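Beneath this line is the structure, given in structure tokens, with notes to follow.
The values are calculated or read from the model by the stated rules, or taken from the named source; none is laboratory data. No experiment lies behind these values; they were computed from the predicted model shown. Don't worry about glycine lacking a Cβ; one is built from the backbone with ideal geometry, like all the others, and counts go over all protein chains shown. These accessible areas exclude ligands, DNA and RNA; they are computed on the full protein's heavy atoms, side chains included. Shrake-Rupley method; radii C 1.70, N 1.55, O 1.52, S 1.80 Å.
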Amino acid sequence: MQSLLDMMTDPNSQWILLGCVLLGLCSGVIGCFAYLRKQSLMGDTLAHSALPGICIAFMLTGTKSILLFLIGAGISGLLATFGISWITRYSRIKSDAAMGIVLSSFFGLGIVLLTQIQHSDYGNQSGLDKFLFGQAASMIGSDVQTMLIVCAFIVIACTLLFKEFKLISFDPGFARGLGFPVGVLEQLLMFFIVVAVVVGIQAVGVVLVAALLITPAVSARYWTDRLGIMVVMSGLFGALAGVVGTWLSSTTASLPTGPISVLASTLLFIVSLLFGPRRGLLAKRIVRSRARQTLMEEQKSRMRDLVKEGSSL
Amino acid sequence: MTDFWVLLTGALVASCCAILGCFLVLRRMSMIGDAISHSVLPGIVIAFMMSGSRDSFIMLLGASVLGLITVFLIQLFQQSGVQADASIGVVFTALFAIGVVLVSLNLKNVDIDLDCVLYGEIAHVHWNTWEMSGMDMGPKAVWMLGITLLIIIGVISLFYKQFKLCAFDPALAAAIGIPVALFHYLLMGLVSMATVSSFESVGAILVVGMLIIPASAAYLLTDRLGAMIFISVAIGIASTGIGYGVSIVLDASIAGCMVCAAAVLFILAFLLSPSHGLVARKLRRRTLSGNTAV
């Protein structure tokens, strides 16, 4: 507990803690919609395809600013989503293979660009590869301020557009019938996912950023059937995982923050899987055993009636 | 000599991945291939920690076990009501996180490099050679990939009929009495083996590219499974050659260039395939509308 207090008072850790909490919160919120729209792995694809965008942004400007990376990654992420939809629309390749193709070709291009950067004489290129594995400890005040603005923007936008997003998550056809601009809303949601992913890459890295989107949303799904509650819970789960990750990694040397947050989030998922009301494995087993008991009792009483009838005859 | 070994390694990686990729693409399990390629990381690290050496065969075993655990967990979560793609995402990120934590806990005495696991370095292949009674037998990676390729070819050609039926109509296969689950796990075991033997040379993430891209391109070029496998292997090997050439010209990552070359070949197939290509479709539509107009 002492270490927790230390962490709370140390200004450097405060930034990291705040950053991880914000990140967990906003990707948890946006992840719910991605999960319901069956686009969970989109986060993974977008994270990988952000790499060439980040590299090109760095090559053009020569600076490492999270805002520029955000723009570069956003553009290449949007290109990736267009690529996936082109491949699935104009050929017989299914969406999973299309995702794999786009993911690996963008990432391959990114690696090529990365080696180009490393072999040429850009000034402060060191630390660019930290973006790939993520290093939450490298976050500084200005990064967290950018994250704060971005996360606040996403959360507010999701609150304002909650009704619309809810509709396109469950029944896009009905939404179109009501006259909502479904295409625009879908692109907007995709754009938010891109933003959440790009912000997350710095903290947890390309591979694990998918977990920030998926795992809290799946866990929250076990506790409720209402979207509003699910979104709030998912955001809280994400934030909690961020706190645990920062705390554990600051108390133990050489424990990376990002992976620990992901593992904390997975632990929450396992708890939800086991103990969730109605959907959890334990609840299901209880329901099943109760059903079996009532069935047995019914059968017993019916047998008793039959025996009674038989003896009265 | 370096060129020869790099090209041979690349061609072996491409062949292993291209054969298995056909079945993954047909069974719509491409992203499971992606998941396996990430989640073998803890298997590699644990095998390394237990054996203390970079003996490739122990790593191969550890990683194959982890690959099977991944598939098992994904199916378990799917059966308990999680969406298919979400359960893939949850499982591979969790296992990958365990792998990263294990690596960073043992950072001081481990010569496993995260960069190397993820990106691979095919140019280093010829330095890590296997010596037998003083004789230089060539790079270890080539031997391992060669054995993996032999196993893959052996298993696939032995059970070709069964794999084919499982790929196209699992329900019929089950009705005939083929153990579909067994073949599913066999295929996944082979995929993990291919991933592990390739990860040192092309890296965990680009293995996905070699698995899926050539197979998808071949899927656009033919309607026969046998032909698809051969075309896929040919595209894989061609992209290895092109990629290596380009990487020398650009002085860039070899594995990255190989995947980019595969992507370019895929785009060509996507546009120009005689049966399923974009251009052929447009032309067919034009002649059709021309006929109806007349």
- Message: If A:Lys94 meets every condition in (1) among the basic types (Lys, Arg); (2) open to solvent by 70 Å² or more (accessible area, probe 1.4 Å); (3) facing chain B (nearest Cβ under 9 Å) apart from one, which number is that one?
- Response: (2)
- So B:Val71, is it more than 14 Å from chain A (Cβ to nearest Cβ), modelled with pLDDT of 85 or more and open to solvent by less than 50 Å² (accessible area, probe 1.4 Å): yes
- Return the total of residues in the stretch B:228-243 being surrounded by fewer than 23 Cβ atoms within 10 Å (Cβ to Cβ) and closer than 14 Å to B:Val264 by Cα. 4
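Quick one: how many residues across the stretch B:148-200 are aromatic (Phe, Trp, Tyr), open to solvent by 30 Å² or more (accessible area, probe 1.4 Å) and free of Cβ contacts under 8 Å to residues at least 60 places away in the same chain? Even if it seems obvious, please write down each step before you answer.
First, pick out the residues of the stretch B:148-200 that are aromatic (Phe, Trp, Tyr): B:159-160, B:163, B:168, B:183, B:185, B:199.
From what is left, the residues that are open to solvent by 30 Å² or more (accessible area, probe 1.4 Å) are B:159-160, B:168, B:185.
Filter once more, so that each one left must be free of Cβ contacts under 8 Å to residues at least 60 places away in the same chain: B:159-160.
Of the residues in the stretch B:148-200, 2 are aromatic (Phe, Trp, Tyr), open to solvent by 30 Å² or more (accessible area, probe 1.4 Å) and free of Cβ contacts under 8 Å to residues at least 60 places away in the same chain.
Inside the stretch B:236-253, can you point out the residues that are modelled with pLDDT of 85 or more and within 12 Å of chain A (Cβ to nearest Cβ)? Explain how you work it out, then say what you get.
Applying the first criterion (modelled with pLDDT of 85 or more) to the stretch B:236-253 yields B:236-250.
Scanning the stretch B:236-253 gives B:Ser239, B:Gly243, B:Val246, B:Ser247, B:Val249, B:Leu250.
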- Identify the single condition in (1) open to solvent by less than 80 Å² (accessible area, probe 1.4 Å); (2) modelled with pLDDT under 90; (3) not assigned by TED's automatic domain parsing to the domain that holds A:Ile214 that A:Thr294 does not satisfy, given that it satisfies every other one. (2)
- For the stretch B:19-54, name all the residues that are assigned to a helix (DSSP H, G or I), under 20 Å from the mean Cα position of the chain (by Cα) and surrounded by fewer than 21 Cβ atoms within 10 Å (Cβ to Cβ). B:Leu26
- Task: Return a yes/no flag: does the stretch A:161-177 have any residue that is touching a residue at least 60 places away in the same chain (Cβ under 8 Å) and among the β-branched types (Val, Ile, Thr).
- Result: yes
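State whether one or more residues within the stretch A:226-233 are within 23 Å of A:Ser49 (Cβ to Cβ) and surrounded by fewer than 24 Cβ atoms within 10 Å (Cβ to Cβ). Spell out the reasoning first.
Residues of the stretch A:226-233 within 23 Å of A:Ser49 (Cβ to Cβ): none.
No: zero hits.
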- Subset of the stretch A:249-287 that is at the interface with chain B (Cβ under 8 Å from one of its Cβ atoms) and hydroxyl-bearing (Ser, Thr, Tyr) - its residue that is farthest from A:Ile16 (Cα to Cα): A:Thr266
- Item | Per-region count, the stretch B:216-230, residues without any contact (Cβ under 8 Å) to a residue 40 or more places away in the chain and assigned to a helix (DSSP H, G or I) | 3
- Within the bounds of the stretch A:67-77, is there any residue that is aliphatic (A, V, I, L, M), open to solvent by 30 Å² or more (accessible area, probe 1.4 Å) and within 7 Å of chain B (Cβ to nearest Cβ)? no
- Exactly one of A:Val232, A:Val204 is modelled with pLDDT under 90 and closer than 30 Å to A:Thr81 by Cβ, and that one is A:Val204
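Tell me, which residue of the stretch A:64-86 that is of a type in the set (Ser, Thr, Tyr) and without any contact (Cβ under 8 Å) to a residue 60 or more places away in the chain is farthest from A:Ala196 (Cα to Cα)? Steps first, please.
The first filter runs over the stretch A:64-86 and keeps only residues of a type in the set (Ser, Thr, Tyr), leaving A:65, A:76, A:81, A:85.
Keeping just the survivors that are without any contact (Cβ under 8 Å) to a residue 60 or more places away in the chain gives A:65, A:76, A:85.
Details: A:Ser65: 16, A:Ser76: 14, A:Ser85: 21 Å.
Result: A:Ser85.
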- Query: Has the stretch B:192-215 got at least one residue that is away from every other protein chain (no Cβ under 13 Å), of a type in the set (Phe, Trp, Tyr) and part of a helix (DSSP H, G or I)?
  - Reply: yes
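In this structure, is A:Gly100 open to solvent by less than 50 Å² (accessible area, probe 1.4 Å), over 24 Å from A:Leu263 (Cβ atoms), within 14 Å of chain B (Cβ to nearest Cβ) and in a helix (DSSP H, G or I)? Explain how you work it out, then say what you get.
Working: open to solvent by less than 50 Å² (accessible area, probe 1.4 Å): yes; over 24 Å from A:Leu263 (Cβ atoms): yes; within 14 Å of chain B (Cβ to nearest Cβ): yes; in a helix (DSSP H, G or I): yes.
Spelling it out, A:Gly100 is indeed open to solvent by less than 50 Å² (accessible area, probe 1.4 Å), over 24 Å from A:Leu263 (Cβ atoms), within 14 Å of chain B (Cβ to nearest Cβ) and in a helix (DSSP H, G or I).
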